[in-house]
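Below is one structure, written out as structure tokens; the observations come after it.
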Amino acid sequence: MNYRPNKNFKIRSLAFATAIGLISAILFSILIIVSYQYYQKQKYQQLQSELNMITENIRKIMINSNLAAFSVGLTISPITDTVSNFDFVAKEIMERHPYLYGVQILKKGVIQYVYPSSIHSSVIGYDILKDSSTRNEAQKAIHKKEIYYAGPLEFKQGGKGIIGRLPIFHRNEFWGFSAVLMTMDDFLSYSGIKNSQLPFVSFQLSKVDPNTGEEEIFTSSQKKSELSLDYTFSEAGWKVTAFYEQDAVVYILLGLVIFLAFSSSIGSGFYVFHVYQEPERLQALLSKKTKEIAENNRYLASMVKAIPDLIFVYDKDAKYLDFHAYQRSLLYYLPQHFIGKSSYDLFPKDFATKIHENIKAALTSNRVEEHSYYLDFKRERKYFEARYIAINSEEVLAVVRDVTESKLAAEKLEKSEQKYRELVSQASDAILLADENGNLLELNHKGSEMTGIPNEEITKYNLSQIIKFEKKDGFTLTELIHRSGSIFEEACLIPLNGIEAAVEISCKLTPSKQIQGIVRDITAKHNFIKSIRNQNNQLREIAWVQSHEVRAPLARLLGLIDFIEKYQNGSQEEQRKVTHSIRSSALELDIIIRDVVRRTEEAEDSIS
């Protein structure tokens, strides 16, 4: 609403103040005491008003910073352990909140993401949980499971400021922080501590150091006054103290007012006028603050609309009060069918009971409750993850995220891993995985069978204990792989039973510096080659026999046949000698042929 000053009210205030001044001239002695008490009360109210304004400004900064940290936290997916759209979200937040110095994401206590990186890149990798100067306040946030503002403290990248850390939990396990940073100068400027609207009011910001236990003062205003108020922020341990500077002139005037009744009456008139103008000023201030709140509400509404998740508001009986849907296609029911209805009216009893239990747990514990479930839509089954957080003692906010794609991808990956795990397990060759030093990490079933190493003792052995080379200048398998990056050689496998076996090994070094290898038993191959060599030697002997021993009797037979053809009219004695020689040569040839046949059969038997 827009406030317009009332001119008639100002005239009436002036007339009334004049009348009061005339009466005060008569009753000056009484009015002095009453006015002074009233004056003190007004100073207290003004001081309280200024302190409230400062605390409200700080509270607004903290609320907006909380939302900023929450928005940064939404970029984190603890299930897949990934961060998405960080730079985009961080840039939007920095543009909307000019008092912010930067945003961060910390996994466990290590800073991994920063914005703007041009300023904060130097702190990437810094572990706040290992630094004694930051550990205590970081652990407070983890213990409370809510955002906690650390500082003022010295930034590692330079400067001094405040860090708000929102702890992120997944299934009650601490994942890390989303953090927002403010410089000390920006914080003091935007909160109004530096520039008070009233010149006689000053502020002091202090905090008890969690490491030393002593109060530290972070502003130059350290004035002593008999009138002061303070307020402590439990979320950060900050203490804001407002001081009202007493004016010595007031006391002088109070001493002279007895002698200056007329002046006192005029002064009292002006004072009354000022008091009557105070509601007008407060009304203007209220109008201004109301406008700021409306603008902030519109900003928060725009942020909610930009969130791609489903948002539901429940009462304590699991009744749907309100909702937000970036994509209406993710709603199981149309809004007019579920707003004002209970979960028990819409879903099966078991599912509705689970929703109600999470709502009651969020209201009771005042922490985030998580719930994973699926719904069968007309065309497909969709998987969701819901997070419940109490808004107040009667209402709960639920942020529901569609995780169908990641769920199906995880299931597909698991099936693929199982498939290849079975293939590796059933392989006919030994398959191994070792670290860069050759220490075994994994061994399939065939590998355990060939080496005799039990599954539970695989990590106790090194490649150099089971694989040996005959001619590699004394280098071990691990050394050879590191020299060339890969190896394909014949080697000797030395299993636990001590019976060596010839193997063929193929290994390479992976990008992650692990050794992958396949070991094939080639004992049968070596035996086959040996038998082929023996057969070749026997065939050589047979060829020699054929070329020498068979040739002699065969030549004699051919000579005798030639003799018979030429000397057919020879005597009977000569014919008898020739016939005897033919018979002897034929028998000798038969013996030689039988020996050749025997040796051939023996060579065939040795191969089979």
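The values are calculated or read from the model by the stated rules, or taken from the named source; none is laboratory data. From a predicted model like this one, the values you see are computed outputs, not experimental measurements. Neighbour counts run over all protein chains shown; Cβ positions are idealised from the backbone, glycine included. The accessibility values were calculated without ligands, DNA or RNA, using every heavy atom of the protein model including side chains. Shrake-Rupley method; radii C 1.70, N 1.55, O 1.52, S 1.80 Å.
Across the range 96-108, not a single residue is classified as more than 30 Å from HIS371 (Cβ to Cβ) and within 17 Å of the chain's Cα centre (by Cα). A Cβ distance below 8 Å, combined with a sequence gap of six or more or placement on separate chains, defines the contacts here; from the range 579-599, residues that are under 26 Å from ARG540 (Cβ atoms) and not assigned by the TED database to the domain that holds ILE561 reach no residue that is among the acidic types (Asp, Glu) and not in a helix (DSSP H, G or I).
Annotation: of all residues in the range 236-248 being among the small types (Gly, Ala, Ser) and at pLDDT 75 or above, the one that is surrounded by the most Cβ atoms within 10 Å (Cβ to Cβ) is ALA242. Here the range 331-367 is the region considered, the condition is being buried (at least 17 other Cβ atoms within 10 Å of the Cβ) and of a type in the set (Val, Ile, Thr), and the residue that is nearest to GLU394 (Cα to Cα) is ILE359. Restricting ILE124, ILE111 to those that are under 16 Å from the mean Cα position of the chain (by Cα) and buried (at least 16 other Cβ atoms within 10 Å of the Cβ) reduces the list to ILE111.
Looking at PHE218, PHE187, PHE233, PHE203, just one residue is at pLDDT 75 or above, under 15 Å from LEU153 (Cα atoms), outside the structural domain of HIS97 (by the TED database) and surrounded by 14 or more Cβ atoms within 10 Å (Cβ to Cβ), and that residue is PHE218.
As for the range 148-157, it holds no residue that is open to solvent by 10 Å² or more (accessible area, probe 1.4 Å), among the small types (Gly, Ala, Ser) and at pLDDT below 90.
Please indicate, with yes or no, whether at least one residue in the range 452-462 is within 15 Å of ALA502 (Cα to Cα) and either of a type outside the set (Val, Ile, Thr) or part of a loop (DSSP other than H, G, I, E, B) (or both). Scanning the range 452-462 turns up no residue that is within 15 Å of ALA502 (Cα to Cα) and either of a type outside the set (Val, Ile, Thr) or part of a loop (DSSP other than H, G, I, E, B) (or both).
Check whether at least one residue in the range 42-52 is modelled with pLDDT of 70 or more, farther than 30 Å from LYS194 by Cβ and surrounded by 12 or more Cβ atoms within 10 Å (Cβ to Cβ), and report yes or no. Within the range 42-52 (the criterion being modelled with pLDDT of 70 or more, farther than 30 Å from LYS194 by Cβ and surrounded by 12 or more Cβ atoms within 10 Å (Cβ to Cβ)), the answer is no, since none of the residues qualifies. Taking the criterion of being open to solvent by 90 Å² or more (accessible area, probe 1.4 Å) and more than 19 Å from ILE431 (Cβ to Cβ), the residues of the range 444-486 that qualify are LYS468, GLU470, LYS471, ASP473, ARG483.
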